[in-house]
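In what follows, a single structure is set out as structure tokens and then discussed.
What follows draws every value from the coordinates through simple rules; no lab data is involved. Remember, predicted model here, so these are calculated numbers, not experimental data. Methodologically, a virtual Cβ is constructed for each residue, glycine included, from the backbone with ideal geometry; neighbour enumeration extends over all protein chains shown.
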Amino acid sequence: NAGVMQNPRHLVRRRGQEARLRCSPMKGHSHVYWYRQLPEEGLKFMVYLQKENIIDESGMPKERFSAEFPKEGPSILRIQQVVRGDSAAYFCASSPSSPGNYGYTFGSGTRLTVV
Amino acid sequence: DQQVKQNSPSLSVQEGRISILNCDYTNSMFDYFLWYKKYPAEGPTFLISISSIKDKNEDGRFTVFLNKSAKHLSLHIVPSQPGDSAVYFCAAAPGDNFNKFYFGSGTKLNVKP
């Protein structure tokens with residue numbers, strides 16, 4: 001009974017490289033959300049996707065960040081030309097429909113370190 | 001602009017006693033409130049929720065109270081157990097967008113045996 005699977009768990013990138021974070025939602029879940037947690041802070045919403053559609057990207061930085069959830073395969077959060085400030089834990093969550101009162105199911109996160 | 005605030009970064013409680021975690025919010029449009037629990041190196045797990053039409057919701061040892069006029073909610077855990085030691089986040093969403101939650105910065109609860 002796999003939950004939300006994120007990989008890699010840890011990712012180290014040098015400044016200027018690209019980071020690709022993957023998220024496979026729970027079986028039967030068609031809604032995917034990405035959140036970022038900076039050190040000593042709460043989770044901040046980045047983007048909400050359904051299959052092949054970005055529904056809400058109001059929390060995404062305007063540059064260097066993109067997300068997709070293709071018809072087949074995992075959702076990808078892509079960060080181009082990473083900078084030290086991108087170091088954070090990135091959490092993916094999924095839900096079968098609008099989460100409402102039941103919230104999301106989160107994955108274990110990808111910890112990105114930019115050196 | 002922090003719309004959900006948890007002003008206590010940490011809380012220490014003796015096993016068997018009550019733990020009270022607090023959360024304040026500023027946006028009067030928030031309609032749904034959730035508490036998540038997070039262990040180190042894991043993702044947050046959903047604990048309990050409450051909608052703005054209620055002022056209390058109970059699930060076993062966990063009770064959430066909502067005071068809309070004060071824009072304040074609290075999570076009570078009684079009796080507290082060592083396994084409850086974790087970081088607790090409160091989160092809120094407006095009624096017209098349940099897909100985007102605003103999280104507080106968390107309170108680290110330590111339950112001492």
- line: Looking across segment A:1-55 at residues that are within 10 Å of the chain's Cα centre (by Cα) and among the basic types (Lys, Arg), the single one that is nearest to B:THR45 (Cα to Cα) is A:ARG36
query: Out of the residues in segment B:88-108 that are charged (D, E, K, R) and part of a loop (DSSP other than H, G, I, E, B), which is surrounded by the most Cβ atoms within 10 Å (Cβ to Cβ)?
result: B:LYS100
query: Across segment B:44-87, what is the number of residues that are in a strand (DSSP E or B), within 11 Å of chain A (Cβ to nearest Cβ) and either under 24 Å from A:LYS44 (Cα atoms) or hydrophobic (A, V, I, L, M, F, W, C) (or both)?
result: 8
field: segment A:18-76, residues that are among the hydroxyl-bearing types (Ser, Thr, Tyr), part of a strand (DSSP E or B) and within 12 Å of another protein chain (Cβ to nearest Cβ)
entry: A:TYR33, A:TYR35, A:TYR48
query: Does B:LYS108 count as within 11 Å of chain A (Cβ to nearest Cβ), within 22 Å of A:SER94 (Cβ to Cβ) and out of contact with any helix residue (DSSP H, G or I) (no Cβ under 8 Å at 6 or more places or on another chain)?
result: no
